[in-house]
Amino acid sequence: MQPLVSIIMPAYNGQKYIAQSIESVLAQTYTNFELLITDDRSTDQTIEIINRYMDQDARIDLAILPKNSGAGVARNNSIERAKGRYIAFLDSDDLWAVDKLEKQISFMIASNVALSFTGYQKFDDDKLLGVVTPPTYTTYKKLLNGNVIGCLTAVYDSHLIGKQYMPSIRKRQDMGMWLNILKKVPKAYSLPQNLAKYRVSVGMSSNKLEILKWQWRLYREVEKLPIFASIKHFLLYALNGYVKYKT
């Protein structure tokens with residue numbers, strides 16, 4: 001039998017795109033999954049849309065946070081409820097190829113991989129943008145210099161490393177989780193295929209300074225790196241990020 005996959009989806013005011021994201025999950029050729037959505041106190045029609053899909057498919061489950069707490073808290077709520085061996089991540093405006101789970105879970109089982117990731121296509125409402133091709137693998141030290149693991153592509157095996165949660169910071173929580181996993185296993189491995197589509201948000205450029213602030217906090221407050229190590233990794237991260245978003 002196919003091992004159960006728990007798909008972790010945070011939602012906040014996602015009425016414009018969440019139906020597309022849910023549809024990309026329901027279209028998977030790998031069918032033994034649960035889609036665990038946690039709503040972060042949406043004020044639009046997000047919950048009504050989710051409820052309509054729940055009425056159609058028993059594999060979808062919804063929880064609603066008592067107050068707006070951020071994507072990391074929402075994801076952790078879904079991870080707590082997860083029953084699957086494999087924990088996968090998809091945000092409520094991103095998409096998966098129909099065979100994403102089938103290919104990735106087969107790869108992880110065949111190679112006994114604890115954490116895997118894939119390539120993905122960047123896009124907006126009007127056009128396709130660049131393709132992000134991942135390295136063959138990454139390690140804790142490599143990841144400190146640049147997050148090559150797209151959250152929408154990541155899957156980890158809870159039987160090998162236990163349930164892992166995101167640190168309680170507002171941004172960069174996904175990178176914090178990958179770093180924590182890579183303290184337990186030496187490498188995360190990629191399936192070098194384009195199996196997901198990442199929606200580039202309007203206004204992303206204006207948020208880059210905010211992201212850098214949270215990246216610094218990740219080094220100092222979560223990873224507790226010494227000041228000079230933090231400066232080194234921060235500068236390399238900023239350089240790698242510049243190169244990444246120019247391609």
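The values are calculated or read from the model by the stated rules, or taken from the named source; none is laboratory data. Nothing here was measured: the structure is a model prediction, and the numbers come from that model. Don't worry about glycine lacking a Cβ; one is built from the backbone with ideal geometry, like all the others, and counts go over all protein chains shown. The accessibility values were calculated without ligands, DNA or RNA, using every heavy atom of the protein model including side chains. Shrake-Rupley method; radii C 1.70, N 1.55, O 1.52, S 1.80 Å.
Observations
- Cα point-scatterer Debye curve for segment 41-141, base-10 log of I(q)/I(0) at q = 0.23, 0.25 Å⁻¹: -1.42, -1.44
- Of all DSSP-defined beta bridges confined to segment 1-133, some 15% are antiparallel rather than parallel.
- Beta bridge orientation in the chain: antiparallel %, DSSP, nearest 5: 35 percent
- Distance from segment 53-96 to segment 139-176 (C-alpha centre basis), Å: 16 Å
- Segment 114-247: C-alpha gyration tensor shape, a/c 1.5 cut-off, then a/b vs b/c: oblate
- In the chain, the portion of solvent-accessible area held by carbon and sulfur atoms comes to 55 percent [1.4 Å probe, whole percent, DNA, RNA and ligands not counted].
- For SER190, the residues whose amide H sits under 5 Å from its own are PHE117, TYR137, ignoring neighbours fewer than 5 places away on the same chain, with H placed 1.01 Å from N.
- Size of electric dipole in segment 1-96: Cβ of Lys, Arg +1 and of Asp, Glu -1, about Cα centre, debye, nearest 20: 280 debye
- Residue list for segment 48-83, given a label point 7 angstrom along the Cα-to-Cβ vector of SER168 and an amide N cut-off under 17 Å: 65-80
- Helix runs (DSSP H) in the chain reaching 18 Å along axis by Cα, Kyte-Doolittle at least 0.0: 227-246
- 1.4 Å probe accessible area per residue over the chain, in Å²: 48 Å²
- With each label modelled as a point 7 angstrom along the Cα→C-beta vector, the ASN240-VAL131 pair spans 2.2 nm.
- The C-alpha radius of gyration of segment 5-203, expressed as a fraction of 2.2 N^0.38 Å, stands at 0.95.
- Across segment 135-149, coupling constants 3J(HN,Hα) worked out from phi with the 6.51/-1.76/1.60 Karplus curve, θ = phi - 60°, read x, 4, 7, 9, 10, 4, 5, 5, 5, 4, 8, x, 7, 8, 9 Hz, and Gly and Pro carry x.
- Cα lying deepest toward the dipole's positive end in the chain, options LEU144, ILE161, ILE211, charges on Cβ: LEU144
- Treating r as the C-beta distance of ASP55 and ALA27 and R0 as 22 Å, the FRET efficiency rounds to 0.75.
- Candidate aspartates and glutamates - alpha carbon under 17 Å from LYS122, same-chain residues fewer than 8 apart omitted: ASP91, ASP93, ASP94
- The simple spin-label model puts a point 7 Å past each Cα toward its Cβ; for LYS232 and ALA19 those points are separated by 5.2 nm.
- Cross-link pairs LYS67/LYS208; LYS16/LYS141; LYS83/LYS127; LYS83/LYS184; LYS127/LYS163 - those with Cα-Cα distance over 30 Å: LYS16/LYS141; LYS83/LYS127; LYS127/LYS163
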